[in-house]
Structure formats: C-alpha cells, structure tokens
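Accompanying notes for the structure given below.
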Amino acid sequence: MFSIQDRNDCIENIIRTKRTIGVVRADISCLEFVGSREEDPRAVEELKQIFQRTRIRRFNSDNYIPVLITVAELNRALRASGLTRRALQKPANDGTLCFLKTAPRQTLKCLKGLHRIKAAKEVLPPEDYWWTFRLLLLAPNEDIFKVARPWINQYYHQTKDSDGHIYCKIRLDSSSQSEIDEWKVRLTDCKQVSLGQILKHKEFTKAFDDLLCFPGLWGGLELGNIQRHFASGFDEEWLKYTVHIKNNWENIMLKRPELYRYVSIQDVEFLQRRAPGLSKVDREFVIEGIRIRLLFPGIRDQRTRRQIRDSLLQTRCLIPSIKSMHENMKYLEIGAKIIKKLILGKDFRKTIYLESYSHWKDAKHPVQTILDSKEKKRWDLIYKQIWIYALRLFAELGGRSPLIEAGSVKNDEGNANINTQYHFVRFVRDLGLRTEQIDEFLATDPRKETLRQSLSKIYGKPPDEQILEDLVSQLPRQGKNREPERHPNTLYVPTDEDDLERRWGVPYQRTYEIGKLTFFLPNI
C-alpha cells in the first residue's frame with residue numbers, strides 16, 4: 001500500500017532532483033524557519049538529551065536541513081564566502097563540505113529542523129555552531145510557502161505532532177479534503193472523533209478558530225479529553241472560557257493583531273496560572289522575564305515590551321490557556337455530575353444550562369429563546385448559585401475527594417453526606433427549580449431519620465411522629481446564619497508560596513477547606 005510517508009518521499013525526491021544546488025555547512029545563527037511548527041520546549045529538551053548522550057550526526061544525509069534560496073540570494077552568499085557555485089556540488093579535497101557564509105542581515109530559509117537547531121545551539125560550543133544544509137533553488141516568482149509545503153507537512157519529525165499543531169494545520173493550511181485527511185490520519189481514532197465533534201458544532205469551531213492567532217496556546221490542546229467535555233453537558237460554560245482565554249491574551253498583547261504571532265508555547269507555559277496583578281512573586285517574574293527577554297523574545301521594540309509588561313501586571317486573574325481550560329473542565333465535570341445526579345437526573349439531551357432553565361418555575365419563554373429574553377440576568381444569577389454550591393461542597397455532595405496533600409490518605413470516592421445533599425437540593429428547589437429528581441429526594445428528610453435513631457437510643461422506643469416533625473421544623477437550615485468570609489476584589493488571592501500546580505483543576509484539600517468558607521457569590 002502506498003503510504004503517506006511513501007508519497008512524501010516521492011515528492012521530496014522529485015523536487016530535490018529538480019532544484020538541488022548542493023550540500024553545504026553553514027552557521028546556525030543565521031537561519032529563518034518557513035512555516036515551521038511552533039517551538040515545543042519539551043521537544044528541544046528531548047533532543048538536547050540525545051545530543052548529549054550521542055554524537056550529533058550532522059553529516060548524515062537524513063539530517064540535512066533543506067533550504068530554499070533564490071539565485072540572487074545565492075550569489076550574495078557566494079560572494080561573502082569567496083566560493084563558486086560549482087564548489088557547492090562536491091566536497092573539498094580533504095573530504096569536507098564547503099562552508100557557506102551569509103551576507104550581512106541575510107538569512108537562510110529552512111523548511112524543517114527547528115527543534116534540531118534549537119537543541120544544537122544549547123549543546124554545541126560557539127566555535128562549532130554549524131549544521132549541514134541542502135540548498136534548493138527557488139525561482140524569483142515562486143510562492144515560497146507553496147514550494148515549502150511538501151517538507152513542512154512531512155511526517156519526519158523527531159517528536160510526534162501535537163494535537164494543537166494538527167488542528168492548526170487543518171484549519172489554517174489545508175486547502176483540500178485530501179490535505180485535511182493527511183493531517184487527520186496522524187491522530188488516533190478516538191482523537192479523530194473528537195476533532196469531528198468540534199468541527200460539527202459551529203459555536204465550538206468558531207470559538208477554537210478565534211484562538212488560532214495565538215500560536216503558543218495550541219501546545220495545550222488535548223483532543224483525547226474533548227468527548228468527555230461534550231458528554232458533561234456544560235457547553236455554555238466551556239464556550240465562555242474560550243472567550244475568557246481570547247480576551248485575556250488580546251489584552252496582554254495590547255489588542256494589536258500583528259503581535260499575536262509572537263505568543264509562543266514557551267510564553268504560554270511561563271504565564272498560564274500566574275496572576276501578576278495579585279501575586280508579588282508573579283509580578284516579579286513578569287518584570288524580570290520581560291527585562292531579560294525570557295518572555296516574548298521575538299518582540300524587540302522596547303516600548304512595546306514595556307507596554308506588554310504593564311498589561312501583564314494589570315492582569316488580576318489567573319492567566320488562562322487551552323491547557324488550563326482542560327484542567328478546569330475536570331473541576332466542572334464534578335459539579336456537572338452532582339447537578340445531574342441530585343437535581344436533573346441523567347436522562348436529558350439539552351445542556352445543563354438549558355435543561356435547568358426548562359424546570360425553573362418562573363421561566364416565561366421557550367428554552368430556545370432564553371438568550372433573548374429579559375429574564376436572562378435573573379436566571380443566570382440563580383444558575384450561578386447552583387454551580388457555586390455544587391463546586392464549593394463537591395466532596396460532601398458525592399462528587400469526589402479533593403486532591404490529597406502530601407502525607408494525606410487518598411480517598412477517591414469522596415465523603416458524601418446525606419444531610420449536605422438534602423440541603424443542597426432544598427436550596428435549589430427554593431430557587432425555583434422543580435424536577436422529579438428533586439421531589440423524590442426531598443420526600444424524606446434525612447434529619448428526621450437521624451433524630452428518630454438518636455431518640456430511639458435515648459428513650460428505648462421510637463418517638464411520636466408529630467413530636468419528630470415539630471423537632472425537625474425547629475432545626476436551622478444549614479449555613480443560614482453563616483456569612484462567607486470576605487476577600488477584597490477576588491475569591492482567590494494567590495500566595496507567594498503557591499505551587500502553580502495548585503492553581504488549576506480539582507482543588508487540593510487545603511484549598512477546598514478554604515473554599516468552603518469563601519466560595520460564595522459576593523466574593524466572585
């Protein structure tokens with residue numbers, strides 16, 4: 001069977017035969033990568049380890065990096081090198097390849113090998129900064145990106161294409177169904193289904209496509225989790241988070257689209273989960289990162305860099321990303337499970353938002369028109385309170401246990417408390433929701449059963465039902481007289497000792513206990 005790799009080999013051989021000028025050595029500090037993958041620090045680190053353990057095989061023809069060059073650019077480089085074109089086509093007398101120098105401000109346009117070169121720069125001593133390149137002729141009137149595509153799309157990478165890279169290629173660079181299929185086949189069957197789900201939902205396709213202008217965000221895409229997110233039924237919350245990502249990064253990059261392309265995977269990994277407007281440590285990190293060019297090294301204008309720094313320092317939330325989206329969805333999945341189990345039941349086809357609205361006693365509009373109705377703000381406030389309650393006490397409501405602290409004992413099942421569940425369901429009913437699930441759950445007050453058992457033990461016989469009812473009616477509602485602890489301006493203020501891993505996803509035990517006292521609507 002003629003595989004995609006076979007096809008790529010054939011295309012490269014044809015073009016190589018037609019265009020090859022010669023093979024040379026050249027300085028790796030004068031390179032420009034055309035249409036290459038976004039730099040992945042993990043891939044660079046992996047190659048660095050390989051280079052440190054073994055000899056770097058720069059003369060191996062499989063490791064030659066293709067370079068497209070016009071006749072005019074080639075002549076500039078030949079003059080700078082004191083070479084003739086014929087010298088490029090054969091080794092020197094000592095068997096070495098000739099060394100091609102570049103003219104001032106001239107770059108060699110490479111078609112692949114970004115991670116190899118990045119790793120080599122960190123491993124090789126400065127006096128040994130070179131690689132082997134295959135020079136390919138580019139006609140003056142040719143589109144370099146069109147000519148480069150067979151190499152750019154090859155499946156020869158040292159590391160597997162990320163889900164985000166494949167999504168970007170499909171949405172940005174594929175002009176035909178056959179090209180789309182070439183990229184899709186690099187995904188597992190499960191991930192192909194997930195990709196299809198995104199592309200089938202126009203709202204999600206648009207939401208994801210709105211983030212394509214920030215290339216660094218896509219290192220965090222995890223297509224393997226998409227089906228689970230869709231199954232949880234919180235589409236509206238998910239879409240709002242993608243808008244949250246977009247708005248934050250637009251603000252960070254000064255709402256200047258020409259700057260968006262400078263957002264790299266490394267920048268996103270450095271900044272996600274940080275809140276420079278709230279945390280002293282995060283603030284110092286941003287100031288120093290901008291000063292030493294650790295952040296956004298591709299942006300050279302000092303005034304622009306200071307403006308980006310100031311924009312970051314005004315960010316008073318945890319900087320979001322596609323990776324943080326996946327992590328925080330894991331937290332929302334717990335709340336969704338609780339709401340389905342205790343409030344809605346599991347047999348419904350709409351989203352949690354729309355299904356809940358359809359059971360609200362004050363709903364005056366069909367589900368389909370709620371977004372245009374005047375009661376939306378009122379319903380949204382009620383809906384938020386349901387989610388906040390479910391997430392604030394997710395362990396007691398039967399979701400799962402918080403993440404364990406060091407030295408603690410793991411308990412995956414959570415500590416479901418029937419009384420807490422009862423108060424949650426009654427709270428939702430008092431907000432105006434009516435479902436069979438609610439009525440069934442509230443048919444028996446667990447406090448009544450607890451009192452019956454306690455009084456039976458004390459008096460040696462079951463108490464009178466009327467007395468029991470009177471006693472239950474005098475019990476205060478859970479949390480009725482408790483006011484949430486107030487935090488100025490925000491629910492969560494990162495501390496200087498915070499581990500960044502604690503700032504997303506399912507809360508750790510200590511954070512969960514704090515949230516039980518602070519995670520209320522007035523603090524949000």
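Only a single criterion out of (1) modelled with pLDDT of 95 or more; (2) of a type in the set (Phe, Trp, Tyr); (3) over 23 Å from Glu333 (Cβ atoms) is not satisfied by Trp238, namely (3). Considered as a group, the residues in the range 175-193 that are aliphatic (A, V, I, L, M) and either in contact with a Cys (Cβ under 6 Å, 6 or more places away or on another chain) or not in a helix (DSSP H, G or I) (or both) include one that is nearest to Ser321 (Cα to Cα), and that residue is Leu187. Restricting attention to the range 431-455, which residues are under 14 Å from Leu342 (Cβ atoms), open to solvent by less than 40 Å² (accessible area, probe 1.4 Å) and modelled with pLDDT of 90 or more? Answer for the range 431-455, where residues must be under 14 Å from Leu342 (Cβ atoms), open to solvent by less than 40 Å² (accessible area, probe 1.4 Å) and modelled with pLDDT of 90 or more: Leu431, Leu433, Thr435, Ile438.
Among the residues here, Phe270 qualifies as without any contact (Cβ under 8 Å) to a residue 40 or more places away in the chain, open to solvent by less than 70 Å² (accessible area, probe 1.4 Å) and within 22 Å of Gly505 (Cα to Cα).
When you look at Arg186, is it within 28 Å of Asn247 (Cα to Cα) and among the basic types (Lys, Arg), yes or no? Give the steps one after another, and end with the answer.
Details: within 28 Å of Asn247 (Cα to Cα): no; among the basic types (Lys, Arg): yes.
For Arg186, the condition - within 28 Å of Asn247 (Cα to Cα) and among the basic types (Lys, Arg) - is not met.
Looking at His365, is it modelled with pLDDT under 95 and under 19 Å from Asp439 (Cα atoms)?
Details: modelled with pLDDT under 95: yes; under 19 Å from Asp439 (Cα atoms): no.
No.
From the list Gly196, Gly216, which one is in a helix (DSSP H, G or I) and either crowded, with 16+ Cβ neighbours inside 10 Å or among the hydroxyl-bearing types (Ser, Thr, Tyr) (or both)? Can you show your working first?
Values: Gly196 fails: either crowded, with 16+ Cβ neighbours inside 10 Å or among the hydroxyl-bearing types (Ser, Thr, Tyr) (or both).
On inspection, the qualifying residue turns out to be Gly216.
Checking each residue in the range 108-136 for being surrounded by fewer than 16 Cβ atoms within 10 Å (Cβ to Cβ) and either over 28 Å from Leu47 (Cα atoms) or hydroxyl-bearing (Ser, Thr, Tyr) (or both) picks out only Tyr129. Among the residues of the range 143-158, is there at least one that is at negative phi, of a type in the set (S, T, N, Q) and modelled with pLDDT of 80 or more? Within the range 143-158, none of the residues are at negative phi, of a type in the set (S, T, N, Q) and modelled with pLDDT of 80 or more.
Of the numbered criteria (1) assigned to a helix (DSSP H, G or I); (2) open to solvent by 20 Å² or more (accessible area, probe 1.4 Å); (3) within 25 Å of Pro320 (Cβ to Cβ); (4) modelled with pLDDT of 90 or more, the one Tyr167 fails is (2). Residues that are open to solvent by 10 Å² or more (accessible area, probe 1.4 Å) and aromatic (Phe, Trp, Tyr) were ranked within the range 397-430; the one that is modelled with the highest pLDDT is Phe427.
Condition check ((1) within 21 Å of Leu111 (Cβ to Cβ); (2) among the β-branched types (Val, Ile, Thr); (3) open to solvent by 30 Å² or more (accessible area, probe 1.4 Å)) across all residues:
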position	(1), (2), (3)
Glu45	no, no, yes
Ile50	no, yes, yes
Arg58	yes, no, no
Pro66	yes, no, no
Val71	yes, yes, yes
Leu74	yes, no, no
Gln89	yes, no, yes
Phe99	yes, no, yes
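The values are calculated or read from the model by the stated rules, or taken from the named source; none is laboratory data. Keep in mind it's a predicted model, so treat the numbers as computed, not measured. Here the Cβ is made from the backbone with ideal geometry for all residues, glycine too, and neighbour counts use every protein chain on show. Only protein heavy atoms, including side chains, enter the accessible area calculation; ligands, DNA and RNA are left aside. Shrake-Rupley method; radii C 1.70, N 1.55, O 1.52, S 1.80 Å.
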